[in-house]
Amino acid sequence: KAEFGKQWYQRRVRGTLYCAKGNFEFGITRVIKSMEPYSKKLGMDTWHYAKRCFLGLIENLAKHMIMVRDVVLHDCIQFLEHAELYGKNVECRIQPPLSAAAVHELQGKNTVTYEARLIKGLLLLVCDL
């Protein structure tokens with residue numbers, strides 16, 4: 001079981017590093033694989049690293065700096081749909097104490113589900129899928 005945890009961590013780190021170096025096809029697939037099963041591994045920290053990779057991919061696609069195979073884009077959409085499903089109760093960031101009005105305004109926007117929907121919308125917009 002400890003070995004499983006080590007492989008999961010290595011896969012996530014490798015995927016993040018490949019994305020940072022611009023190899024998004026391989027990096028994104030590693031990050032997605034590292035998050036399976038989503039019900040157990042989708043958390044605030046893991047979502048943070050995955051989100052950064054997806055936003056980097058979207059930025060480079062929007063600038064027409066890279067091309068990505070359709071299969072990878074469909075894997076990304078599928079992952080974001082799973083993140084929507086399993087991220088309803090997962091907060092994205094720690095919020096300081098706020099007034100009651102501010103808490104009501106942010107309600108539901110500090111979840112993985114909300115951010116996954118935004119990222120999915122951006123990816124669909126950039127890729128015309």
First in the range 14-37 and surrounded by 20 or more Cβ atoms within 10 Å (Cβ to Cβ), second anywhere and outside any helix (DSSP H, G or I), Cβ under 7 Å, 6 or more apart
PHE24/ILE66; PHE24/VAL68; MET35/LEU42
Might you let me know whether the range 17-30 holds any residue that is among the charged types (D, E, K, R), within 15 Å of ALA116 (Cβ to Cβ), part of a loop (DSSP other than H, G, I, E, B) and modelled with pLDDT under 95?
no
Picking from MET67, MET35, MET44, which residue would you name as being aliphatic (A, V, I, L, M), in contact with a Ser or Thr (Cβ under 9 Å, 6 or more places away or on another chain) and more than 18 Å from GLY121 (Cβ to Cβ)?
MET35
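Does LEU80 satisfy the criteria of being in contact (Cβ under 8 Å) with a residue 12 or more places away in the chain and touching a Lys or Arg at 6+ places or on another chain (Cβ under 6 Å)?
Details: in contact (Cβ under 8 Å) with a residue 12 or more places away in the chain: yes; touching a Lys or Arg at 6+ places or on another chain (Cβ under 6 Å): yes.
Judged against the criteria, LEU80 is a match.
The values are calculated or read from the model by the stated rules, or taken from the named source; none is laboratory data. Model, not experiment: these values are computed from the prediction. Positions of Cβ are backbone-derived with ideal geometry, glycine not excepted, and every protein chain shown enters the neighbour counts.
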